[in-house]
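*Asks:* Handing you a structure now.
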Number of protein chains: 4
Amino acid sequence: MHTHEVIGTHPDVKGSTNDALIRCIDACYDCAQTCISCADACLAEDAVADLRQCIRLNLDCADICAATAAVATRRTGSNEELIRRMLDVCMMACSQCADECRHHAEHHEHCRICAEACAGCRDACQDALRSMAH
Amino acid sequence: MHTHEVIGTHPDVKGSTNDALIRCIDACYDCAQTCISCADACLAEDAVADLRQCIRLNLDCADICAATAAVATRRTGSNEELIRRMLDVCMMACSQCADECRHHAEHHEHCRICAEACAGCRDACQDALRSMAH
Amino acid sequence: MHTHEVIGTHPDVKGSTNDALIRCIDACYDCAQTCISCADACLAEDAVADLRQCIRLNLDCADICAATAAVATRRTGSNEELIRRMLDVCMMACSQCADECRHHAEHHEHCRICAEACAGCRDACQDALRSMAH
Amino acid sequence: MHTHEVIGTHPDVKGSTNDALIRCIDACYDCAQTCISCADACLAEDAVADLRQCIRLNLDCADICAATAAVATRRTGSNEELIRRMLDVCMMACSQCADECRHHAEHHEHCRICAEACAGCRDACQDALRSMAH
């Protein structure tokens, strides 16, 4: 990812990047991809009927992570409150998806990996939130 | 939009639809489209330099409305809290964008229309939130 | 939708709108919503294992329709070729999804409605393509 | 990114991954992020009026890359043709955006970086296309 490099050249940033927020943006894209992939892998399992809720949370989490990444990338002074709120919702989506995936982790490797990506993204959102505290 | 018709046939819904939520989904798609369009029209204005913040809020609002519409469409018992949180963030994004667009409404018709769409979406989110109160 | 009204006020459009393209934008949002809803309804069916391919095509179609709507809304002289190519891919995604949904239409009302929305979007893309012919 | 790891555990893939396609998925997310960032940095430049077309192509490219990444992640036997078409459109969006950004690269570092990310994504799409040839 070019995230750190490109944000560092933004006229309003001028090299003084918020590295916790940048790590969070990368984690959001990673989590979005992993969730879309886990949903598709769940659909291919014999036990798909047991994975309905997992697939739904995967898809919710993917959509919310993608929107969070975009809003956080477009960080501007005046909408910090909006970014904080998105980070907060994203933490919840990642937590819910990580919990659900963890239940299936023993039987499905993709759920184990997805739980890991979701937990990583939740933590990255939390760190970013702290870095933007009032 | 087929929103009401298709959601009404969901096995978990069986005709007992939440009409406030359905109106909100339609308003989110409408607002996303209007915001993308307003951003592009702002870019084409001679006064583009005065419309920077408007364009950013347009793009944030469009991304958040699209994600909210998707999550609200995938409504399932277990993630009502997540939907409520998204509706809440979406209300804020719409409010911010409506306020900013209103400042430019006198000079730019697209901003006037966009302020109207954003205010409508904010109200639809609020009604949907009330309909999903604990 | 405010699509026609807001695009009509774009400085580069000045009232001379391409109505076939505007109908196509609306159809893309409608189709995206219907596909997300159909995928979630399919997940809730007892026969979910028979609906795997339907769910995947629903999700592909929803993502492609949303991107097409955004690109078509940001129509500018210099990227007409890109819009045409997106309309073309969108037609294919809608066709594939309409065909698959039609197979399940007898047993699942949401698939019948989704096939209708997808076919409508495919036709709207085709009309828009013709309106933008070289 | 967990892309390679998670796709490798998909029941239909079972470790025999298409590595060119996986690199392409990662490149699409990287390019989407860089384009959103470049658009926002362009908006913040004094010379924003000269960067209108760059911002539009950035936004088109970001939307198309995100949709391509999702569709390519949900790769399934039956929609290979759809993936190929999306990769093809994505190549064009990346090419157009790389060309435009290159014009501004001397004056704006974010445009130089974005041109690099777009060119990388275009090449990754081309490699993926070749790997999926009939």
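The values are calculated or read from the model by the stated rules, or taken from the named source; none is laboratory data. Everything numeric here is computed off the predicted structure, so don't read it as measured data. Methodologically, a virtual Cβ is constructed for each residue, glycine included, from the backbone with ideal geometry; neighbour enumeration extends over all protein chains shown.
*Asks:* So, in segment D:1-22, exactly how many residues are free of Cβ contacts under 8 Å to residues at least 60 places away in the same chain, more than 7 Å from chain A (Cβ to nearest Cβ) and in contact with a helix residue (DSSP H, G or I) (Cβ under 7 Å, 6 or more places away or on another chain)?
*Replies:* So the count comes out to 5.
*Asks:* Out of all the residues in segment A:1-49, which are of a type in the set (Asp, Glu) and under 20 Å from A:Gln126 (Cβ atoms)?
*Replies:* Answer for segment A:1-49, where residues must be of a type in the set (Asp, Glu) and under 20 Å from A:Gln126 (Cβ atoms): A:Asp19, A:Asp26, A:Asp30.
*Asks:* Here's a follow-up. Just wondering, is there one or more residues in segment A:82-96 that are at pLDDT 95 or above and of a type in the set (Asp, Glu)?
*Replies:* Checked against the condition, which is being at pLDDT 95 or above and of a type in the set (Asp, Glu), segment A:82-96 yields at least one hit.
*Asks:* For segment D:23-45, does any single residue satisfy the condition of being under 20 Å from the mean Cα position of the chain (by Cα) and either surrounded by fewer than 24 Cβ atoms within 10 Å (Cβ to Cβ) or facing chain C (nearest Cβ under 9 Å) (or both)?
*Replies:* yes
*Asks:* Moving on. In this structure, is A:Cys65 modelled with pLDDT of 95 or more, of a type outside the set (Ser, Thr, Tyr), crowded, with 23+ Cβ neighbours inside 10 Å and within 21 Å of B:Cys61 (Cβ to Cβ)?
*Replies:* yes
*Asks:* Let me ask another. Can you find a residue in segment D:70-86 that is buried (at least 21 other Cβ atoms within 10 Å of the Cβ), closer than 27 Å to A:His10 by Cβ and within 14 Å of the chain's Cα centre (by Cα)?
*Replies:* yes
*Asks:* Of (1) closer than 21 Å to D:Ala41 by Cα; (2) modelled with pLDDT under 95, B:Asn79 satisfies all except one. Which?
*Replies:* Looking at each condition in turn, B:Asn79 falls short on (1).
*Asks:* Can you tell me which condition C:Asp60 does not meet? The list is (1) within 10 Å of chain D (Cβ to nearest Cβ); (2) more than 27 Å from D:Ser95 (Cβ to Cβ); (3) among the charged types (D, E, K, R), and all the others hold.
*Replies:* That leaves (2) as the condition not met.
*Asks:* Six or more apart or on different chains, Cβ under 6 Å: which pairs go from a residue in segment B:95-112 that's away from chain C (no Cβ under 13 Å) to one that's of a type in the set (D, E, K, R) and part of a helix (DSSP H, G or I)? Could you list them?
*Replies:* Going by the 6 Å Cβ cut-off, the qualifying pairs are B:Ser95/B:Arg122.
*Asks:* Additional query: Among the residues that make up segment A:75-88, is at least one of them among the small types (Gly, Ala, Ser) and within 13 Å of chain B (Cβ to nearest Cβ)?
*Replies:* yes
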